[in-house]
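Every number in this text was worked out from the coordinates using simple rules, so none of it is lab data. Note that this is a predicted model, so its numbers are computed, not measured. All Cβ positions, glycine included, derive from the backbone under ideal geometry; neighbour counts span all protein chains shown.
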Amino acid sequence: MSPDAPDAESRAPLSREDVVYVARLARLDLSDEEVERFTAQLRTVLDHAADVAALDLSHLAPSSHPIVLENVLRPDEPRPSLDRDEVLAGAPAVEDHRFRVPRIVGEAP
Amino acid sequence: MSSAVSVSDDVRSGRRPARAVAEQALAAVGAGDGELRAFLTVLADEALRQADEVDATVAAGRDPGPLAGVPVALKDNLCTRGVATSCGSRILEGWRPPYDATVVTALRGAGAVTLGKTNMDEFAMGSSTENSAFGPTRNPRDRGKVPGGSSGGSAAAVAAGFTPLALGSDTGGSIRQPAALCGVVGMKPTYGRISRYGLVAFASSLDQIGPFATTVEDAALLFDVLAGHDPLDSTSLPSEPEPTRPGVHEGAEGVRVGLCRDLVDDCAPDVVARVHDAAEALAKAGAKVQEISVPEFRYGLSAYYLIAPAEASSNLARYDGVRYGLRVEAGDSAAMNTATRTAGFGSEVKRRIMLGTYALSAGYYDAYYAQAQRVRTLVMQAFDRAYASVDVLLGATAPTTAFDLGSKVDDPMAMYMNDVCTIPSNLAGHPAISVPFGTGDDGLPVGVQVLAPALGEATMFRVAQAVEAHAPVGPTEEAGW
Amino acid sequence: MTVPAETDSWEMVVGLEVHCELATTTKLFCGCRNAFGDEPNVNVCPVCLGLPGSLPVLNEHAVELAMRIGEALHCEIRPSTFARKNYFYPDQAKDYQISQYDQPLNAAGWLELPDGFRVGITRAHMEEDTGKLTHVGESGRIHSAMHALVDYNRSGVPLVEIVSEPDIRSAANARAYAAELRGILVATGASDGRMEEGSMRVDANVSVRQAGSTEFGTRCEIKNLNSLRSLGRAIEYEAARQIALLEGGGVVEQETRHWDESAGRTESLRSKEEANDYRYFPEPDLVPLAPDAAWRGRVRAGLGPMPAERRAALGAALGGSPTDAEADQIRAVVDLGLDGLVTAAVDEGAPAGLALARAANEVAAQAEGAAGLPAGSFAALLSMEAGGQLSATQSKAVLGALLERGGGDPAALAKEMGFEALGSDTLGTVLDEIIAANLDEWGRFCEGEDKLQGFFTGEVMKATKGKANGKEVAAELRRRRG
């Protein structure tokens, strides 16, 4: 899929390929039936959102918060860390006091 | 039914032992919850231990606090140290947090007794509690109906008389809507008024913790204990809150009430009728009631269903099988992440994660997510204009009374429509409360909603209490507190 | 692969991305200790482990240090916001990184290299570090691993990412940029700048183009550069690789490449996964960061002299116009933070050139002891040497002892070590005895065999156990010869 940036009017409706791409990004495995069902359901939601997408709100700034706060800071002072045993007790797999995971394919981005 | 206020008074004065209160609550749960499934975890030993501590404090001549001996049920997305916190999901089934949410610490400091963890829609996504991985909760007013969601367990626990108080979380109406459907009081505070530290995040810019109670005064009592600045939450409001409970009975005389058409007109006729009844009652009580229109509210639903899933898709990425919770093994880490999340998340959660991921993805960000955030600005400005001429808004909480279990599970959009009246307050970060006011044609509870501007909880509670004072007397569970 | 000479036809275009760990006591968003080398997973909490329900709160001192870096790099310090960079990886506790995206704290600055060339700084923003992975398998490299282990002690450590404009045109300048930037980071107190320990990590973006062209070629990102030397080698290699590719009619693919130090080449890291869509959006759990004019002013006022200014000051103390050798010594001395010692010693009467040389060599070799070396003692010692009371050899020995002991009185130490100055009488007597014992050699020396001066000097040194002053001996020998 090539997610180019279409404008509001020319955007293609959500496709099966979009759903498959997005599921992979989100590390979710969907059955064929789920892909069909989710594509239909998500399309309905997005259609409903078309009323919003079509509004001309270019004069408004997006609000990422409902509050107006700035510069919330804390002093550089240590606070107690968690007890390691308690932390590792909740872990699915532990080795050498570390969290153990299956081999990692691919370097970090 | 005895209130939290009177339980606390009785316990503090020594007239009644906290232990007796706790035993009564546990007995009620034991007798009635098998059918309702309001609770996922009942903290029998812990509750009795806490109650004993409160009694010891009273015996030593010290004050255990304003919630002395009062049982409180906690929605299962609130972190409780050493106690299972599942968020209604298989992916966190049995997970015990190594820390307490700030509100949990505050409750204990006020002498409350934590009764247990309540059922909820998975990760707070839903309006019926049918999305819980552990089975739905039933509405105590009618076992074949939903209690609403996502805080259905907490609402049901209070409505069933198991506990006078409960905590829920509200992102698009998840406290207020179940309160309306179950016939109890449910309130969402100003964003940032109650700390989110320890609330498992669904949509960070919308989530707030709030109280369920049987009376407005009880809700104010619990709100006052929890409100305040928390240095562990960067979005926590810095100002010290004024207590709201002292002024709760001041009445609605002279308050300018805007009956908001956009929060009423599209609802079921019996709900519309109850809201108009409430408006009349307020007018008789001396409020200045006028009709007002805020058409921008109608865009709220779409904006919410882009913003909330987008934030959720990011907040739920951490459930990857690495550090805690469910793990489904696989040959490599990425495959393990996928297998774990596929097995651990239910359909609604997957649906919203994908919707949110899509709305944020390259090429769609501006048209969907950024646009929705502009709608948020639009709604905030619309509220500000409305509050130039009125002090509070009045509307419905939910568009209908409680619906049948199973009736909307296959139609996500129909389910989402439950939130139309509650969403605007979340977008703007304003406080709002649902107060039971009569019943619908089916005899099921109707809730009316009072909305106030940011930090307007005192006025909101006053007006809500006036509504409550004039509510038609309806059938209630006798708990015999 | 040999590096083709910089011909008229190709030029390399290099931009550097440097991640700098900030020297704070605690992490960026929580109160866990920011410490290197502790037992795994002891410095963790709900926030840096990404536990459900946790929330970030920004460390004020990290902001202070980030602002100092911005100020030192002549950036604009701007109102900024935080953003989430979303991707799955086991060392990323929340499976997103809190970083800064479209509104970074510092932007539009520059860094001047010692040779005067200016490199633009696009931005220097704040972000959190990841945990540390250990791959368990045959070689410890990721490709042959069977499983991996994660330590989150480093998760949440504050970083500043400094991105340069693609202004660099040679591997030498890339090294100079990295070295100068390191000096600046240390001078601001923001970081200890240790590449080998990972507190300063450099990635290079390299492309090539025809000289004179204004278009940019496709660039590759080179990672795993653990020293300045690797940085230089890798850039040379990569530029040559791309040139050879293009000259052979091929196309440079945009990708990330890994520098293999032992093999001396870059390798493609292209995996089967698609390119990441990070889905950046404003971090809803944090509020904007907009340091006010008063804070920015305090940072500006509190910033001490940067390496360039200190090199200039040292050069001036030497009387201006340092030779190439002296310029190297100046760079080394400033790099090690020893310039204060040198200028203070000069103020106390030490000869400047000698102070510089001793600092660049002997003090540098035992730099840990330098903190305990008072400028006055250093100056006194150097004066003794300059005045002939101690030979160079003796002076170095006393200096070594001063550094090892973390201070002391040079004169007393010299006596303790048996380095008393040799009186000229004593020298005369000793020389009489040596000449008498080596009449044949003396005769030849007087007739012009100059190299025998060394022989006689050596004998004098042996007889005086090194106490004689070489210059004095030479002068006396020549005087006696006539």
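Against the main long axis of the alpha-carbon atoms of chain C, helix C:375-386 sits at an angle near 40°. Excluding same-chain neighbours fewer than eight residues apart, the aspartates and glutamates reachable from C:Lys462 by a Cα-Cα span under 20 Å are C:Glu385, C:Glu416, C:Glu420, C:Asp425, C:Asp432, C:Glu433, C:Asp440, C:Glu441, C:Asp450, C:Glu472, C:Glu476. This ranking places B:Cys421, B:Cys260 by how few other beta-carbon atoms lie within 10 Å of each, fewest first, which gives B:Cys260, B:Cys421.
Would you work out the relative contact order for chain C, in percent, from Cα pairs under 8 angstrom that are 6 or more residues apart? Contact order relative to length: 14 percent. Computed across chain C, the Kirkwood hydrodynamic radius from all distinct Cα-Cα pairs reaches 26.5 Å. Which angle between 0 and 90 degrees, to the nearest 10, do you get for helix C:470-481 versus the longest principal axis of chain C when only C-alpha atoms count? Relative to chain C, helix C:470-481 is tipped by roughly 30 degrees. Using the Cα gyration tensor of the stretch C:45-169, with a ≥ b ≥ c the square roots of its eigenvalues, what is the shape: rounded (a/c below 1.5), prolate (a/b larger than b/c) or oblate (neither)? Verdict is oblate for the stretch C:45-169.
Other residues with beta-carbon under 9 Å from the beta-carbon of C:Thr26 carry, at +1 per Lys or Arg and -1 per Asp or Glu, a net charge of +2. Relative to the longest principal axis of the Cα atoms of chain C, the long axis of helix C:60-72 lies at roughly 70 degrees. Look at the Cα gyration tensor of chain A: its axes a ≥ b ≥ c give a/c of at least 1.5 with a/b at or below b/c, and that counts as oblate. Here's the list of aspartates and glutamates a cross-link from B:Lys117 could span, going by alpha-carbon distance under 19 Å and ignoring same-chain residues fewer than 8 apart: B:Glu23, B:Asp33, B:Glu35, B:Asp45, B:Glu46, B:Asp76, B:Glu93, B:Asp100, B:Glu130, B:Asp170, B:Asp207.
Between B:Ala335 and C:Lys465, the modelled label-to-label distance comes to 7.7 nm, taking each label 7 Å out from Cα in the direction of the beta carbon. Put in line by how crowded their Cβ is, counting other Cβ atoms within 10 Å and starting with the fewest, B:Met380, C:Met146 read C:Met146, B:Met380. Given chain C, what percent of its DSSP beta bridges are antiparallel, to the nearest 5? The antiparallel proportion sits near 95 percent. Exposure proxy for B:Val5, B:Val146: other Cβ atoms within 10 Å of each Cβ, ordered fewest to most, give B:Val5, B:Val146.
Look at the Cα gyration tensor of the protein assembly as shown: its axes a ≥ b ≥ c give a/c of at least 1.5 with a/b over b/c, and that counts as prolate. Charge tally around C:Ala436: other residues with Cβ under 13 Å, Lys/Arg +1 each, Asp/Glu -1 each, net -4.
Within straight-line reach of C:Lys94, meaning a Cα separation under 21 Å, sit the following lysines at least 8 residues removed in sequence or on another chain: B:Lys350, C:Lys27, C:Lys85, C:Lys132.
Taking Cβ atoms as reference points and 14 Å as the exclusive limit, the residues near B:Ala219 contribute a net charge of -1, counting Lys and Arg as +1 and Asp and Glu as -1.
Taking the helices alone, chain B has a mean residue ellipticity at 222 nm of -11500 deg cm²/dmol, built from -39,500 (n - 2.57) per DSSP H run of at least 4 residues and averaged over all its residues.
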